[in-house]
Each structure stands twice: as C-alpha cells, then as structure tokens.
Amino acid sequence: MSQEKKVYIETLGCQMNKSDSERMLGMLSHFGYIETSEPKTADLLIINTCSIRQLSEDKAYSYVGVWSKWKETRPELKIAVSGCVAQQYRDKLLKRFQKVDLVMGPRSFYRLPSLLEKINNGERICDVEDAVNEKENNYPIKRISGYNAWIPISEGCNNFCTYCIVPYVRGRERSRSLEVIKKEVVDALKQGYKEITLLGQNVDSWGKDFDDETLRLGKLLRELNTLDYDFRIRFVTSYPTDITDDVIKAVQECDKVCEYFHIPMQSGNSEVLKAMNRRYTREQYGEIVKKIRNTFENVTITSDFIAGFPGETEEQFNDTLSAIDEFELDYSNTAAYSPREGTVAAKWVDKFLDEKTKKERLARLNEKNRQACLKSNQKALGKIYEVLVEDFEEKDEKIILKSKSRNNKYVHFEGEKELIGKFVNVKINKASTWHLAGEILS
Ligand code: SF4
C-alpha cells in the first residue's frame with residue numbers, strides 16, 4: 001500500500017475561498033491525502049489566494065517564496081497556487097515562480113485529482129478553464145468550521161463595480177441548481193451541522209440565470225425551511241437593490257432563517273457610489289434598510305465600506321461616517337481603497353489619494369464602526385436571545401461558552417461544555433464592543 005501523503009492548505013480571503021478549500025481538502029482526502037497543520041511536513045502545499053487587495057496578493061507571494069526555498073532541499077515537494085490571484089495571472093505565475101508546480105483558478109480546481117496526477121508525473125501546469133463537467137462531483141467536502149456549513153449557491157458576479165476584481169476572476173454569475181443545493185444541505189445536516197450559510201457574491205441574484213422565473217432566493221429559503229432538522233439558515237452577501245420584498249417576506253415566514261442581512265454599502269455618498277458603479281444612491285440604500293428594520297424587531301444589518309476611493313473628497317468621506325449613524329449599521333467590514341490591476345478604477349491614477357489620507361480615513365472609519373458596534377450591542381441588554389453554542393474557553397476556573405445569536409451577535413456565558421452544538425436561550429446582561437455576555441435560562 002502506498003504511503004499516505006500530507007497536504008497543507010493556506011486559505012486567504014473571503015468565505016467563498018474557505019468553502020473552495022473545504023472542497024479541495026475533500027477531494028484530496030478521497031485520493032488518500034491527509035491534512036496537516038504543519039506545512040513543513042506536507043508533500044503538497046496549496047496557497048488559496050485572494051486578490052481583493054494588494055496586501056493579500058503580496059501575502060500569497062510571500063508564502064510561495066518561503067515554500068520555494070523549502071523545495072530547494074526537498075525537490076519532491078509539490079507547490080500549488082489556487083484562487084483569484086492564480087486566475088488573474090495564470091501562467092505568468094509559473095514563469096515568475098519556478099518552483100510552483102500547479103496554477104489553478106476558482107473555476108478549475110474541481111479537476112484537482114487529474115491535475116495532481118500530472119504534477120506528480122513531473123509536469124508543471126496552469127489550468128484556469130471552467131471545469132463545467134467536473135463541478136458537481138460526489139467527492140466529500142471536508143468542512144473546517146464546527147457547526148456552520150457554508151454552502152455556495154452561486155458563483156461569480158455580473159455587477160462590475162469599478163474597484164472589484166471578482167467578475168474578472170470568478171466570472172459571470174452562475175447559480176447551482178436547487179436539487180444540488182438541497183442535497184448538500186441535507187448531507188451537512190445529517191453530519192450534525194446546525195447552521196447553514198448560503199453563499200454567493202450576490203446571494204439574492206440566485207436563480208436569475210434559470211429559465212424558471214419562480215426559482216429565486218425566496219423560494220430556496222422556503223424550500224430549505226421545510227427540512228425536518230433542528231437548524232438555522234443564513235445567507236450572504238446581499239447586493240442592496242437585489243433584496244426583493246419576496247426575500248424579506250421569506251425571512252419573515254421561515255422560522256429557521258435568521259434575522260441577519262449583510263448589505264455592503266461601500267460609500268455613504270451617492271456620487272462616489274456612481275463612480276463605483278454601484279446601482280443605488282445613499283437614499284435608496286436607506287430605504288432598503290428601513291424596510292428591513294420595520295419588518296424585524298431584532299434584525300442585525302452589517303455592511304462593507306471602502307475609505308479613500310479615487311477622487312473621494314473629505315465631505316464625501318464624511319457622508320460614509322454619517323451613513324453608519326443614520327442607518328444604525330450594526331457592524332461594518334472596512335478597508336482602504338487598493339487598486340486592482342484590470343479594474344476600471346485602477347486606471348484613474350490621477351485621482352488616487354495618497355496613502356496617508358487613506359490610512360487616516362480608514363482609522364476614522366474604524367473608530368466610527370467601533371462606536372456603532374457598541375451602540376448596537378447595548379440595544380441587546382435585557383433581551384433574550386436564542387444562541388447556538390459553538391466553542392468554549394476556560395477563564396478564572398470557569399467554563400465560558402461562546403455562541404452566536406440568530407441575529408449574528410457573539411454571546412458569551414457560563415455553562416457546561418455539553419451544551420456545545422446546542423441551541424439555548426440566554427438573557428443578555430452585558431454589552432461590550434465586539435460581544436455580548438449573559439446568563440443561560442433554564
Ligand atoms: S457586487 Fe461589486 S463588489 Fe461585489 S463581487 Fe460583484 S463586482 Fe465585486
């Protein structure tokens with residue numbers, strides 16, 4: 001019997017990348033590879049890259065650099081680069097990094113088994129073509145997270161925001177079929193997962209590429225809600241103007257669907273939004289948030305913002321800060337603008353802001369976000385939340401359980417380890433910036 005090989009995957013970037021890594025690990029385990037957390041002991045090293053910011057891209061190159069050095073003394077070691085950077089630079093990466101054996105994109109990694117065979121026979125390969133026929137395979141998925149299963153329901157994006165590389169590297173929007181999604185959800189539930197998060201770059205656009213006009217996110221949520229398991233459902237990421245009344249109604253009707261919406265606004269100023277090619281104004285964004293807040297009592301609405309977009313004035317940036325207050329956004333992911341080669345905004349060099357200004361605006365944005373989080377958490381005081389217990393830590397000889405509420409708040413409370421993986425009710429009695437604390441109700 002051949003000796004087991006070890007694989008190490010380093011995953012950078014978004015949840016979609018993490019989900020892709022879970023699939024790669026699943027395929028590899030089917031072919032006898034075992035996962036190791038010690039990269040130095042691995043036979044195969046994979047860096048699953050992210051190209052959303054220059055920083056993530058540089059991080060990927062630094063991994064490849066270190067691993068290439070290891071290969072000087074271990075020539076049998078195989079190095080693969082996957083993800084968005086791989087898709088973007090393709091065989092240029094093979095030329096730049098002579099020790100890399102395999103370059104594969106987010107649409108081609110499904111061919112990993114046959115690619116592996118080739119690189120193990122000494123070939124160096126770049127494969128970034130869409131693996132249409134290999135995509136819906138029956139290989140296992142080696143999920144990384146404990147109780148939450150990430151299920152991609154669509155891939156790619158048609159929006160072409162001027163700062164974003166995603167449509168170029170992940171391609172146009174493609175929805176997975178209801179049957180395939182449902183099967184994957186049921187498989188995860190059978191394995192004991194308690195939370196399902198439906199993933200898509202624009203999750204609300206699911207089904208728009210189908211002929212059947214009834215197949216939309218609302219229907220998918222209703223369908224999954226009928227599954228006879230004790231679990232809950234989330235969906236991310238929502239494009240503001242794609243959230244239909246039917247989706248809001250479905251969230252309201254379906255007891256398993258959580259009251260949580262992640263709706264990136266990106267800027268609080270309508271002119272900047274136009275330059276970003278976002279298809280809404282500040283006011284339209286506000287209308288959507290209002291509609292959601294009027295429908296659900298304890299809803300959490302989170303967002304993403306970019307500080308220092310090309311040409312952004314001080315006044316326009318202040319509109320972003322005021323939007324967080326005005327729309328009472330509960331939490332926001334923040335980043336300074338980073339030009340991405342191949343995107344429209346990357347060409348507006350004469351409008352680029354200097355690094356100091358971007359850094360300073362990002363710091364102010366982060367401070368505003370911190371204040372907004374604390375304010376949002378304080379609203380939870382005295383409320384009773386149903387939480388899913390995910391983990392624990394020992395503190396002052398006590399067991400502190402870590403959990404998440406339906407509305408996506410982190411809740412800590414004292415309890416028994418046996419509660420991990422279970423739903424319990426907790427009364428909130430303390431609010432900090434990043435989490436809540438409370439006591440379990442018997
Ligand atoms: S909606 Fe815009 S930001 Fe989001 S993935 Fe598509 S192009 Fe990128």
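The values are calculated or read from the model by the stated rules, or taken from the named source; none is laboratory data. Everything numeric in this text was worked out from a predicted model, so none of it was measured. Ideal geometry is used to build each Cβ from the backbone, glycine not excepted, and the neighbour counts take in all protein chains shown.
Here is a yes/no grid of residues against (1) of a type in the set (A, V, I, L, M, F, W, C); (2) surrounded by fewer than 16 Cβ atoms within 10 Å (Cβ to Cβ); (3) touching a residue at least 60 places away in the same chain (Cβ under 8 Å); (4) assigned by TED's automatic domain parsing to the domain that holds Ser68:
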{"site": "Lys92", "(1), (2), (3), (4)": "no, yes, no, yes"}
{"site": "Lys95", "(1), (2), (3), (4)": "no, yes, no, yes"}
{"site": "Val100", "(1), (2), (3), (4)": "yes, no, no, yes"}
{"site": "Met104", "(1), (2), (3), (4)": "yes, no, no, yes"}
{"site": "Ser108", "(1), (2), (3), (4)": "no, no, no, yes"}
{"site": "Pro113", "(1), (2), (3), (4)": "no, yes, yes, yes"}
{"site": "Leu116", "(1), (2), (3), (4)": "yes, no, yes, yes"}
{"site": "Asn133", "(1), (2), (3), (4)": "no, yes, no, no"}
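Considering only residues in region 410-442 that are surrounded by fewer than 13 Cβ atoms within 10 Å (Cβ to Cβ) and in a loop (DSSP other than H, G, I, E, B), the one that is farthest from the chain's Cα centre (by Cα) turns out to be Ser442.
The selection criterion, being at pLDDT 95 or above, within 16 Å of the ligand (Cβ to nearest atom) and not assigned by TED's automatic domain parsing to the domain that holds Tyr110, holds for Gly200. Reported count of residues in region 395-409, each being in a strand (DSSP E or B) and more than 13 Å from Leu436 (Cβ to Cβ), is 3.
Within region 140-172, being more than 13 Å from Met16 (Cβ to Cβ), within 16 Å of the ligand (Cβ to nearest atom) and without any contact (Cβ under 8 Å) to a residue 60 or more places away in the chain holds for Asn158, Pro167, Arg172.
Yes/no matrix, rows are residues, columns are (1) among the aliphatic types (A, V, I, L, M); (2) more than 28 Å from Asn333 (Cβ to Cβ); (3) assigned by TED's automatic domain parsing to the domain that holds Tyr163:
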position	(1), (2), (3)
Cys14	no, no, no
Leu45	yes, yes, no
Asn48	no, no, no
Leu55	yes, no, no
Tyr61	no, no, no
Ser68	no, yes, no
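Looking at Ser332, is it in a strand (DSSP E or B), in the same structural domain as Arg361 (by TED's automatic domain parsing), under 28 Å from Ser405 (Cα atoms) and not basic (Lys, Arg)? Yes, satisfied.
What about Thr302, is it in the same structural domain as Leu362 (by TED's automatic domain parsing), under 18 Å from the mean Cα position of the chain (by Cα) and touching a residue at least 12 places away in the same chain (Cβ under 8 Å)? In short, yes.
Listed here are the residues, each with its yes/no results for (1) free of Cβ contacts under 8 Å to residues at least 40 places away in the same chain; (2) more than 16 Å from the ligand (Cβ to nearest atom); (3) assigned to a helix (DSSP H, G or I); (4) farther than 16 Å from Cys164 by Cβ.
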| site | (1), (2), (3), (4) |
| --- | --- |
| Pro264 | no, no, no, no |
| Tyr285 | no, no, yes, yes |
| Ile288 | no, no, yes, yes |
| Phe317 | no, yes, yes, yes |
| Leu321 | no, yes, yes, yes |
| Glu328 | no, yes, no, yes |
| Gly342 | no, no, no, no |
| Leu353 | no, yes, no, yes |
| Arg361 | no, yes, yes, yes |
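Looking across Glu134, Glu123, one residue alone is in a loop (DSSP other than H, G, I, E, B), away from the ligand (no atom under 16 Å from the Cβ) and either modelled with pLDDT of 90 or more or of a type in the set (Val, Ile, Thr) (or both). It is Glu123.
What number of residues within region 266-279 are assigned to a loop (DSSP other than H, G, I, E, B) and either within 13 Å of the ligand (Cβ to nearest atom) or of a type in the set (Ser, Thr, Tyr) (or both)? Counting residues in region 266-279 that are assigned to a loop (DSSP other than H, G, I, E, B) and either within 13 Å of the ligand (Cβ to nearest atom) or of a type in the set (Ser, Thr, Tyr) (or both) gives 5.
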